Amino acid sequence: MKGKKAALLFSLLAVSLSVLLLGCAPRAGGKAVLMLDWVPNTNHTGIYVALDKGWYKEEGIELEIIQPAETSVEQVVGSGQAQFGISFAEWLTAARAEGVPVVSIAAIIQHNSSGFASPADKGLTRPRDLEGRKYGGSGLDIERVMLEALMACDGADADQVEFVNTGYADFFVVTQRDVDFAWIYYAWTGIEAGVRGLPINVIWLRDYLDCVPDYYTPVIVTNERLIQDDPDLARRFMAATARGYQFAVEHPEEAADILIRHAEADPELVRRSQAWLSEHYYEDSPQWGYQESVVWERFTGWMLANGLIAQPVDAGQAFTNDFLPQP
């Protein structure tokens with residue numbers, strides 16, 4: 001992997017993976033572990049709905065949900081220390097390029113819901129407006145590459161943007177104090193802006209798909225060994241999970257109330273976010289969770305072409321729809 005930040009994330013993996021695999025036999029007694037990517041939020045609603053309503057137990061699964069620690073979801077799931085996890089296409093692609101055997105088994109949201117956002121009073125409404133401005137991010141290579149592609153699409157130059165490493169600082173703090181814009185997930189931070197009564201402008205990636213790829217973010221992942229050795233567990237897990245997300249689509253208010261019991265977040269934010277997401281989980285897809293090969297092919301190819309991974313990733317091995325319930 002060429003990107004120094006991505007390399008840092010996976011530098012220890014080659015040493016530790018073989019050791020971890022020694023103790024990664026499937027958990028007995030119908031138990032399974034799911035590792036989140038972040039604290040509980042509306043990306044995870046369907047999982048908590050299925051847990052709350054006992055649908056995992058109906059499938060013979062005692063599900064344990066754990067929150068992320070210092071080790072990445074891709075490492076933990078790839079090694080078998082957790083059977084399932086929440087990841088993103090960019091992290092999964094980077095992991096597979098390093099030989100980590102993680103596989104996406106469902107797309108939580110059908111289309112990219114992220115964009116570059118700024119307080120409305122800054123007047124940043126299109127990519128060319130970002131020239132001469134400060135961008136606040138976590139210093140990942142994909143941030144610069146994505147911004148370069150997006151701005152070039154509007155005849156602008158990302159070299160005219162000052163990149164400031166703000167880590168994972170609060171969007172509302174840093175855009176008032178340190179920078180002009182940041183990359184957000186609209187379903188949470190964008191909705192939060194509305195809850196706070198703070199108007200924002202969002203330059204959506206999905207509005208520039210001639211120049212930047214659409215991709216699945218977030219996704220539910222498992223590992224190749226589980227798919228080979230215990231496909232029935234994956235099938236049963238997805239049966240309950242898909243049922244939970246379908247419930248969230250059809251009953252967003254009740255689904256939000258279930259998540260509120262598990263998430264340390266503003267209840268109004270959760271309810272508004274869930275109302276928005278319930279209309280976007282699978283939009284024009286035949287069912288929740290479905291993934292298209294062309295999306296993975298374009299995205300993995302784009303990452304390779306832009307030096308975000310050092311070797312090709314077989315898109316057909318990066319995902320599968322085999323464990324989704326029959327529509």
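The values are calculated or read from the model by the stated rules, or taken from the named source; none is laboratory data. Remember, predicted model here, so these are calculated numbers, not experimental data. Reconstructed Cβ throughout: ideal geometry from the backbone, glycine too, with neighbour counts over all protein chains shown. Keep in mind that these areas ignore ligands, DNA and RNA; they rest on the heavy atoms of the full protein, side chains included. Shrake-Rupley method; radii C 1.70, N 1.55, O 1.52, S 1.80 Å.
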Among the residues of the stretch 191-213, are any surrounded by 21 or more Cβ atoms within 10 Å (Cβ to Cβ), within 18 Å of residue 45 (Cα to Cα) and not charged (D, E, K, R)?
yes
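Residue 145 - would you say it is modelled with pLDDT of 95 or more and closer than 23 Å to residue 199 by Cα?
Taking the combined requirement at face value, the residue does not satisfy it.
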Filtered residues of the stretch 247-296 (kept if surrounded by 18 or more Cβ atoms within 10 Å (Cβ to Cβ), assigned to a loop (DSSP other than H, G, I, E, B) and aromatic (Phe, Trp, Tyr))
281, 282, 288
Which listed residue, of 276, 296, 302, is in contact with a strand residue (DSSP E or B) (Cβ under 7 Å, 6 or more places away or on another chain), under 26 Å from residue 186 (Cβ atoms) and not aliphatic (A, V, I, L, M):
296
Suppose the filter is free of Cβ contacts under 8 Å to residues at least 24 places away in the same chain, on the phi < 0 side of the Ramachandran plot and among the β-branched types (Val, Ile, Thr); does residue 294 pass it?
yes
Among all residue pairs at least 6 apart or on different chains, which show Cβ distances below 8 Å where the first residue, located in the stretch 147-174, is at negative phi and of a type in the set (D, E, K, R) and the second is assigned to a strand (DSSP E or B) and open to solvent by 20 Å² or more (accessible area, probe 1.4 Å)?
162/134
(1) touching a Cys at 6+ places or on another chain (Cβ under 8 Å); (2) under 30 Å from residue 44 (Cα atoms): which one isn't true of residue 127, the others all being true?
(2)
Identity of the residue in the stretch 187-208, among the hydrophobic types (A, V, I, L, M, F, W, C) and in a helix (DSSP H, G or I), that ends up farthest from the chain's Cα centre (by Cα)
195
When residue 149 is run through (1) within 30 Å of residue 319 (Cβ to Cβ); (2) buried (at least 21 other Cβ atoms within 10 Å of the Cβ), the failure sits at (2)
Can you pull out every residue in the stretch 297-322 that is in a loop (DSSP other than H, G, I, E, B), open to solvent by less than 30 Å² (accessible area, probe 1.4 Å) and polar (S, T, N, Q)?
320
Within the stretch 94-128, residues being under 23 Å from residue 226 (Cβ atoms) and within 12 Å of the chain's Cα centre (by Cα) number 4
Just checking, how many residues over the stretch 213-242 are polar (S, T, N, Q) and assigned to a helix (DSSP H, G or I)?
2
Among the listed residues 59, 98, identify the single one that is touching a Phe, Trp or Tyr at 6+ places or on another chain (Cβ under 6 Å) and either more than 24 Å from residue 271 (Cβ to Cβ) or crowded, with 24+ Cβ neighbours inside 10 Å (or both).
98
Tell me which of these residue 168 doesn't satisfy, since it passes every other one: (1) at pLDDT below 95; (2) surrounded by 14 or more Cβ atoms within 10 Å (Cβ to Cβ).
(2)
